[in-house]
């Protein structure tokens, strides 16, 4: 089964996400159980960000920070180009409002960390710069994404509120900083057990997805969203990713970045973080809306992994071909 999924470039975690959505659709948490599930999910997310902070290496950041021009370009693609495209997509007529908001919301999120670095390494890119760029994007997103969300989504109808800021600081930022400051004492333990601790990361996201979709199902999510709209979301996600990747490639060449840095721009600039997006959505939006809003992000998450896996292998093959040509 794992071999088949690998050949199809399907992340097994996607099957767990789909299964969680199915469970929430059939057996959503209600009453006191919803409160308990929500509390456990909040604790899991705090632990997730604590571990992210503990895994962040200051040495890697200092090594990669020298490429400041590259990092600013990645940030511009992530937090300027993406939102502009998201605003255009949201204006498409006929799309269910919550899903349209979800597409815009995913474009406001920071880049991923682990997968951006992994694909950059496979493709032969500047790994140190990728570590710095992806880590900076993820940390900056804790501040930038709520601001953009207030300006482009919630602020239009609700006005700006300090409540999300306080919630983000207490649930996400403080655990992240605590983990990072404790890295000298727990960093080696986290590194040695990263595979086991990875289950904490993914389990936390599954809990949030379950509670979010459960609340949305109770509010009639599947009466509002059709299969046709889900297919449209998949096509829109693929289209947004294609536009951003083409733009990132052209900008990298225009700015004269070396090949290794263009790879960083491509992979770090085009990715959106499910691990950050899901908990932020739980803070920024009413519980009943979160399920529909993170649905486009789940589609985009899998599509970006599949496309980047293909491109990373292509770049790796080109690297090997170049080495052979030089040797001859």
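The values are calculated or read from the model by the stated rules, or taken from the named source; none is laboratory data. As the structure is a prediction and not an experimental result, all values here were calculated from the model. FYI the Cβ positions are ideal-geometry reconstructions off the backbone, even for glycines, and counts take in every protein chain you see.
Quick notes on this one:
- Options 283, 278, 290, 264; residue that is surrounded by 23 or more Cβ atoms within 10 Å (Cβ to Cβ), over 30 Å from residue 128 (Cα atoms) and touching a residue at least 12 places away in the same chain (Cβ under 8 Å): 290
- The set of residues in the range 193-218 that are surrounded by fewer than 16 Cβ atoms within 10 Å (Cβ to Cβ) and over 18 Å from the mean Cα position of the chain (by Cα) comprises 193, 194, 195, 196.
- Failed condition for residue 133, given (1) modelled with pLDDT of 85 or more; (2) within 23 Å of residue 281 (Cβ to Cβ); (3) within 15 Å of the chain's Cα centre (by Cα); (4) in a helix (DSSP H, G or I): (2)
- Residue list for the range 182-192, filter: in a helix (DSSP H, G or I) and either buried (at least 16 other Cβ atoms within 10 Å of the Cβ) or in contact (Cβ under 8 Å) with a residue 60 or more places away in the chain (or both): 183, 186, 187, 190, 191
- Among the candidates 62, 4, the residue that is more than 28 Å from residue 135 (Cα to Cα), modelled with pLDDT under 85, in a helix (DSSP H, G or I) and more than 20 Å from the chain's Cα centre (by Cα) is uniquely 4.
- Criterion: out of contact with any helix residue (DSSP H, G or I) (no Cβ under 7 Å at 6 or more places or on another chain) and surrounded by 15 or more Cβ atoms within 10 Å (Cβ to Cβ) - qualifying residue of 241, 236, 227, 232: 232
- Residues of the range 99-130 that turn out to be outside any helix (DSSP H, G or I) and either surrounded by 22 or more Cβ atoms within 10 Å (Cβ to Cβ) or touching a strand residue (DSSP E or B) at 6+ places or on another chain (Cβ under 9 Å) (or both), as a count: 8
- Against the numbered list (1) part of a loop (DSSP other than H, G, I, E, B); (2) at pLDDT 85 or above, residue 72 comes up short only at (1).
- Condition check for residue 187: farther than 14 Å from residue 284 by Cβ and modelled with pLDDT under 75: no
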